[in-house]
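Working notes, beginning with the structure itself.
The values are calculated or read from the model by the stated rules, or taken from the named source; none is laboratory data. Only a predicted model underlies this, so the values are computations on that prediction, with no experimental measurement involved. Quick reminder, even Gly has a Cβ in these numbers, built from the backbone with ideal geometry, and neighbours come from all protein chains shown.
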Amino acid sequence: MPNFPVIFLMGPTASGKTDTALYLADHFPCHLISCDSALIYQDMDIGTAKPSKEILTSYPHALVDIISPMERYSTEQFRQDAREEIEKARSLGKMPVIVGGTFLYMKSLIEGISPIPEVKPEVREEVIARHHAEGIESLYRELQQLDPISAERLAPADTQRILRALEVVLSSGQTLNDFWKMPSKEALEYPYLKFALTYQDIQRANHSMEKRFHQMIEDGFITEVEYLKSKYPELNGDNPSQRAVGYRQIWDYLDGLMTKEEAIERAIIATRQYAKRQRTWLRSEANLMPVNVEAKDFRLEIQKMVEQTIG
């Protein structure tokens, strides 16, 4: 039985990660494991660019559709779930392929995770209530006072991470950086390969993202969010699931805070900004094997590198 490494397929939005995973599954006995903080949610298909039901039937992905949009899912939960899926793959003689764009999840799996305690529920409720009442600017200013290191690395409009950093420091009295300095839990003990799907033509990629979002609208993205509002009456734009790129903007449109055209434009801008952050993250990654998706037969290149590792 081949001694398969764990494969990580990283890359910014719209770089072809899913298609590359399917290509590998056609050439190796693969166990595909999603690493996407949006694909975990049920009933969120169009706006997350979730693989179609036909694809998921032919190429099953672990950690897709595992929780309700009302639930929370932490990096530590992903690490535990992904480790279980890797063990399952190895027991079946398959190659674990971790595919997605949530690089913090991947980092936690490879390096382990700092022992950040659970946030007290009353603190989380208070922070969310204050966000509704005061807006993110006020909370960002408070974070600058309580945790200047986190505030420095976060964009002033990065609502999800600002709230998270503030929750941690208010709940524990320690900053995220304090916890990150502590020894991490259980790094990945198996050999692995990290592939980064990269591209040079940013303008072309941005056009592709814009085209894809307009296609999502045509496919019924707005109807999908309306369905979420109907099925989950307590759901709102501050739930972690609805902070996924695109969803918050459609919520604002449906709540009458902006026009449909403004929501679409802002969602496209947010998508580009997210992809830019992903590209920035990848530049800081160690032991990364970049693969230019603009090159002919780039997937064959990945296949050959995997084959060389297997021996």
| field | Output for the range 60-95, where each listed residue is in contact with a Ser or Thr (Cβ under 9 Å, 6 or more places away or on another chain), among the hydroxyl-bearing types (Ser, Thr, Tyr) and in a loop (DSSP other than H, G, I, E, B) | value | Ser68, Tyr73
| request: Could you tell me which residue of the range 251-275 is surrounded by the most Cβ atoms within 10 Å (Cβ to Cβ), considering only residues that are among the charged types (D, E, K, R) and at pLDDT below 95? | output: Asp252
| message | Return the residues of the range 145-163 that are more than 19 Å from the chain's Cα centre (by Cα) and modelled with pLDDT under 90; say none if nothing qualifies. | response | Pro156
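Taking the condition touching a helix residue (DSSP H, G or I) at 6+ places or on another chain (Cβ under 9 Å), charged (D, E, K, R) and in the same structural domain as Glu224 (by TED's automatic domain parsing), does Arg79 pass? Reasoning before the result, please.
On the way: touching a helix residue (DSSP H, G or I) at 6+ places or on another chain (Cβ under 9 Å): yes; charged (D, E, K, R): yes; in the same structural domain as Glu224 (by TED's automatic domain parsing): yes.
Considered against the rule, which asks whether it is touching a helix residue (DSSP H, G or I) at 6+ places or on another chain (Cβ under 9 Å), charged (D, E, K, R) and in the same structural domain as Glu224 (by TED's automatic domain parsing), Arg79 comes out as yes.
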| request: Report, by residue number, each residue of the range 4-58 that is assigned to a strand (DSSP E or B) and over 19 Å from Val291 (Cα atoms). | output: Cys30, His31, Leu32, Ile33, Ser34, Tyr41
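Please go through the range 245-267 and give me each residue that is over 19 Å from Thr102 (Cβ atoms) and either within 17 Å of the chain's Cα centre (by Cα) or of a type outside the set (A, V, I, L, M) (or both), ordered by number. Spell out the reasoning first.
Step one: of the range 245-267, the residues over 19 Å from Thr102 (Cβ atoms) are 249-266.
Passing the criteria: Gln249, Trp251, Asp252, Tyr253, Asp255, Gly256, Thr259, Lys260, Glu261, Glu262, Glu265, Arg266.
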| message | Would you confirm, using the coordinates I've provided, whether Ile264 is assigned by TED's automatic domain parsing to the domain that holds Phe195, assigned to a helix (DSSP H, G or I) and without any contact (Cβ under 8 Å) to a residue 60 or more places away in the chain? | response | yes
| query | List pairs: first in the range 185-211 and closer than 15 Å to Pro5 by Cα, second of a type in the set (Phe, Trp, Tyr), Cβ under 9 Å, 6+ apart or cross-chain? | reply | Tyr190/Phe4; Pro191/Phe4; Tyr192/Phe8; Leu193/Phe8; Lys194/Phe8; Phe195/Phe8
| task | Kindly check whether there is at least one residue in the range 98-121 that is in contact with a Leu (Cβ under 6 Å, 6 or more places away or on another chain) and over 30 Å from Thr309 (Cα atoms). | result | no
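Answer yes or no: is there a residue in the range 220-228 that is within 20 Å of Ala129 (Cα to Cα), out of contact with any strand residue (DSSP E or B) (no Cβ under 9 Å at 6 or more places or on another chain) and assigned by TED's automatic domain parsing to the domain that holds Asp65.
Start the filter on the range 220-228 by keeping residues that are within 20 Å of Ala129 (Cα to Cα), which leaves none.
For the range 220-228, residues within 20 Å of Ala129 (Cα to Cα), out of contact with any strand residue (DSSP E or B) (no Cβ under 9 Å at 6 or more places or on another chain) and assigned by TED's automatic domain parsing to the domain that holds Asp65: absent.
Go through the range 112-135 and give me each residue that's surrounded by fewer than 17 Cβ atoms within 10 Å (Cβ to Cβ), under 23 Å from the mean Cα position of the chain (by Cα) and within 16 Å of Ile162 (Cα to Cα).
Here is the first cut: in the range 112-135, the residues surrounded by fewer than 17 Cβ atoms within 10 Å (Cβ to Cβ) are 112, 115, 117-118, 120-123, 125-126, 128-130, 132-135.
Then drop every residue that is not under 23 Å from the mean Cα position of the chain (by Cα), which leaves 112, 115, 117-118, 128.
Ile128 - this is the single residue of the range 112-135 that is surrounded by fewer than 17 Cβ atoms within 10 Å (Cβ to Cβ), under 23 Å from the mean Cα position of the chain (by Cα) and within 16 Å of Ile162 (Cα to Cα).
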| said: Let me confirm something: among Ile40, Ile116, which residue is of a type outside the set (Gly, Ala, Ser) and over 30 Å from Gly220 (Cα atoms)? | reply: Ile116
| Are any residues in the range 276-311 closer than 23 Å to Phe28 by Cα, outside any helix (DSSP H, G or I) and hydrophobic (A, V, I, L, M, F, W, C), and if so, which ones? | Leu288, Met289, Val291, Val293, Ala295
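Among the listed residues Lys181, Lys185, which satisfies the condition of being touching a strand residue (DSSP E or B) at 6+ places or on another chain (Cβ under 8 Å) and at pLDDT below 90? Lay out the reasoning, then the answer.
Numbers: Lys181 fails: touching a strand residue (DSSP E or B) at 6+ places or on another chain (Cβ under 8 Å).
Among Lys181, Lys185, only Lys185 is touching a strand residue (DSSP E or B) at 6+ places or on another chain (Cβ under 8 Å) and at pLDDT below 90.
Taking the residues in the range 71-92 that are aliphatic (A, V, I, L, M) and surrounded by 15 or more Cβ atoms within 10 Å (Cβ to Cβ) as candidates, determine which candidate is nearest to Ser108 (Cα to Cα).
From the range 71-92, those aliphatic (A, V, I, L, M) are 82, 86, 89, 92; that's our starting set.
Next, only the ones that are surrounded by 15 or more Cβ atoms within 10 Å (Cβ to Cβ) stay: 82, 86, 89.
Details: Ala82: 10, Ile86: 14, Ala89: 19 Å.
If we take residues in the range 71-92 being aliphatic (A, V, I, L, M) and surrounded by 15 or more Cβ atoms within 10 Å (Cβ to Cβ), then Ala82 is nearest to Ser108 (Cα to Cα).
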| field | Only listed residue being under 19 Å from the mean Cα position of the chain (by Cα), modelled with pLDDT of 95 or more and surrounded by 22 or more Cβ atoms within 10 Å (Cβ to Cβ), chosen from Ile40, Ile66 | value | Ile40
